[in-house]
1. With the cut-off at 30 Å, tell me which of the pairs LYS406/LYS811; LYS458/LYS483; LYS702/LYS802 have Cα atoms farther apart than that.
2. 5 Å is the cut-off here: which amide hydrogens, built 1.01 Å from N in the peptide plane, fall below it relative to THR515, excluding neighbours closer than 5 in sequence?
3. Could I have the simple spin-label model distance between GLN660 and LYS277, label points 7 Å from Cα toward Cβ, reported in nm to one decimal?
4. On full extension of the chain, what length is gained from LYS402 through ASP793, given 0.36 nm per residue of separation minus the C-alpha to C-alpha distance?
5. Would segment 326-472 count as rounded, prolate or oblate if I go by the C-alpha gyration tensor, calling it rounded below 1.5 in a/c and otherwise prolate when a/b exceeds b/c, oblate otherwise?
6. Output wanted: per-residue J couplings in Hz (rounded whole) for segment 625-637, from phi through Karplus 6.51 cos²θ - 1.76 cosθ + 1.60, θ = phi - 60°, x for Gly and Pro.
7. Kindly work out what percent of the DSSP beta bridges joining two residues of the chain are antiparallel, to the nearest 5.
8. Enumerate the amide H contacts of LEU783 below 5 Å, restricted to partners 5 or more residues apart or on another chain; note that Pro and chain-start residues carry no placed amide H.
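Just so you know, all these numbers are worked out from the coordinates, no wet-lab data involved. It should be emphasised that the depicted structure is a prediction, and the values quoted were computed from it without experimental measurement. Every residue, glycine among them, receives a Cβ derived from its backbone with ideal geometry; neighbour counts consider all protein chains shown.
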Amino acid sequence: MTKKPWCGLLGVLLAALTLCAPVAAAEEAAHPNTWIVLVGINNYNDKQIKPRPHAEDDVKALYNLFTSKDYLGVPADHIRLLLGGTDAKLKSESATKANILASLEWLASNAKRDDLVIFTFVGEGGPLGEKSERRCYFAKDTLFKDRNKTAVADGDIDDRLGKLKSRRFCAFIDIDFRGFKNDPKVIEATLGGSPYKEFLSDDGTEERAFRPGRVVFLATNGLSTSLDLKEQGLFTNALLTGLKGAADKDGYEPDGVVTVDELAKYLDKEIPELAKKYGKTPMEQAQHHFVLGDRSEGFVLTTNPAVAGKVEARLKKFDKLVKDKKLTDTLVTEGRQLLQRMPKLEAQQNLRKAYQKVADGKITVEELKKERDKIVASLKLDKDIAERFATKVYEGADMVAKDYVKKLNEGELVGWAIRGLYRKLGERLPTDLADRLDKVKTMKEKELRQLLIDAREKLGKREDLAGDKDIDLALQRMMGNLKDPYSTYIDPDTLERFKRGTEGSYIGVGVQIETDPETGMLKVRTPIWGGPAYKAGIRAGDLITEIIRDVDKDGKPLEKPDVISTKGLATGDAVKKILGKEGTPVKLKVKRPGADKPEVLELKRGKIEMETVLGFQRKSDDHWDFMIDPKTKIGYIRLTQFTRHSAADMTKAVEQLKKQGVKGLVLDLRFNPGGLLDQAYYISDLFIDDGLVVSIRPREGKERKLTGFSEGSVTDFPMVCMVNGGSASGSEIVSACLQDHKRAIIVGERSFGKGSVQNVIPFGGGEMKMTTASFWRPSGRNLNKSSTSGKEDEDWGVIPDKGFLLPLSRKERDDLEERQTETEVIYHKGATPKFSNPDFKDRQLDLALTYLRDQIKLAGRVPAKKAS
């Protein structure tokens, strides 16, 4: 978190509006001390660990940048370079486990609170043990089979960096936790519930939030290999360019330093472009980096030498005014800060321009003061905005306190909202507010509302809080402190995307698009069956070269047609142009495979119903074929999520199979994350005779038991229900019900373990998604992993029946998910479906089919009963 000193701006008004620049820039730009550890390993002693060709070149390039006086000027005794090989010139050390841990201890014991600390690791990693979900970083001397002893465990790093005092810590991590030759005895590495916590630590409070002032830049999520360029890794190549000054872009001009937030924005743009340019496969071209922690951190990483001289020259001119005693102490402090660093807010930037003018002699000190007074006055917040903020945040806190699954203190929720808002903005809490927040748990409604009003007024008028963003941020930070990944406030901008996931419908033309790597234009991955695009004949492989709008998204005529080329257009931006009000038109210029010229198709936006009940392949008319084995009469239904039409569509699919004489059924719930509770209930009830489906336990009140009915149930054939680690919530209700009623054999892998119920409640322009109860399987056994320590021998989730647990490798799971997605594609008539891995075998499905064939064969041997 970037701390901001309080500058005396016009007495009381200053305390309310905080006009000064973030951070004491003179102190920060110089960095009292900088401490750096760089680890890069090309080749490992154990050949079972894969090599990383450019790892050592990457960290040596960073070493040269950080030690250069042009960029950071770190002295040799404040930086350590650990390599798999040796570099006598740079005085590198060997990247053994002992040296890596000693270097982390060195950082923790030397770095002070305001020091900059940088840690970089470029190399390989893996799971800590054969059955461990923890991760480790391979040192040069790591022996793969003994990695639990010879590798650097995530906990080893956490133990040491947990003692680090610095509030300016940045890690650059380029690692593949699958960086070893395949070993069937070893489970695939996972990221766990708190990925990279070893670098972020926690703040030691009951909230257990990430420690402020810590940021981690990741080349990938850690479960794939970062792309290598000719001389460096793609990630490091982008880092170097950004740190040398290309990222210095915030505000109206470069200010001579590269900050964390500027680097994050630069990488957001640069890495996808480099991946598209140099990647040879779709996966390489889709490389995606991540920034963990608070990416809005404003602390300085390097100097931009192309601009730093100009900034220094202007400061010297300003200092002459100081010597001439033409400025007050307040103006001196404020002016130096603003001239050294580009502030984020428009008002602060305008004030910076005024100080630049006075330093350059373009305006007088008196003119500066007048301009400054106008800017300060413009920041005073209207009372009704502060009161609206207080009303909405208090209502949100009151709702959560009453309905959340666990008992909560209303005042504490308000405190979380205020502290979270200030922390998100990087603003220091005024002393009087901090004192009142210490007593927030005992406050009554009137006091809490006034506290919220005062907290908002002190932030003043600012563009980053306009349009109810203040309410959105406060509620999101409040809900985030619940440490419940399923409870959140959904702001209006996110709401539409969330509705698509739960309702299974949206207004659009019904087409999934991606960027074509060859042309840079938009390519149709598949139309949605039954949507406007499908009805217009758009199919997989078509290129959309232009989007043409004669009316805006609400149907209002435009003065002239808006013609948008899709070359280089981001898919997100394209979607915004294509979506609009139901019944309004939009034109797409489409070039079909093999066609000489594109054609313009006018589509009317309509309600798109997402398919959730799928078969094993599409028929020639693009409908689903649910009979996977016509000879034995085995059906197959894959349910992708539980939306409002899922139960009805499931019933139709089953009726279709019954007409075909189905004798066995595979219900595939793998990768199904859940959805609407009522749909999970209806689908469960479809397949059991009667009895308990699921129990719902709220915080207070009577347990609610949902029971099934025999009418309409389908119970006259054997079933298999397939689950894996991606099966959650509604999938677990259905599979647990079928297992407890002995209606189906469960095949696959253990499910996710999400046994909680969320209600989505309209709130202002957004919605509050909140855990209000837990659900339990018919046997009364636990489903919720988060209510346990998550160990494999504990009771949570749905575990396949004995003899039907069939774990897949990470590659098999990836291949399975890819194959499932590819079966959904709708092609032009006569086109051959394309599969990334034509030889893929679904071993779990094969096991399910083998079981059902045996059951059907056995049933055929049982003599039929004579009619009485």
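1. Working: LYS406/LYS811 39 Å; LYS458/LYS483 28 Å; LYS702/LYS802 35 Å.
Beyond 30 Å: LYS406/LYS811; LYS702/LYS802.
2. Counting only residues 5 or more places away or on other chains, the set is LYS523.
3. 5.1 nm
4. Values: separation 391, 0.36 × 391 = 140.76 nm, distance 3.50 nm.
So the chain would gain 137.3 nm between LYS402 and ASP793.
5. Working: a/c = 2.96, a/b = 2.68, b/c = 1.11.
Prolate.
6. Using θ = phi - 60°, the values come out as 9, 9, 9, 6, 10, x, 5, 8, 6, 9, x, 9, 10 Hz.
7. Values: 67 of 111 bridges.
Antiparallel: roughly 60 percent of the beta bridges in the chain.
8. Residues meeting the amide H criterion: ARG777, GLY797.
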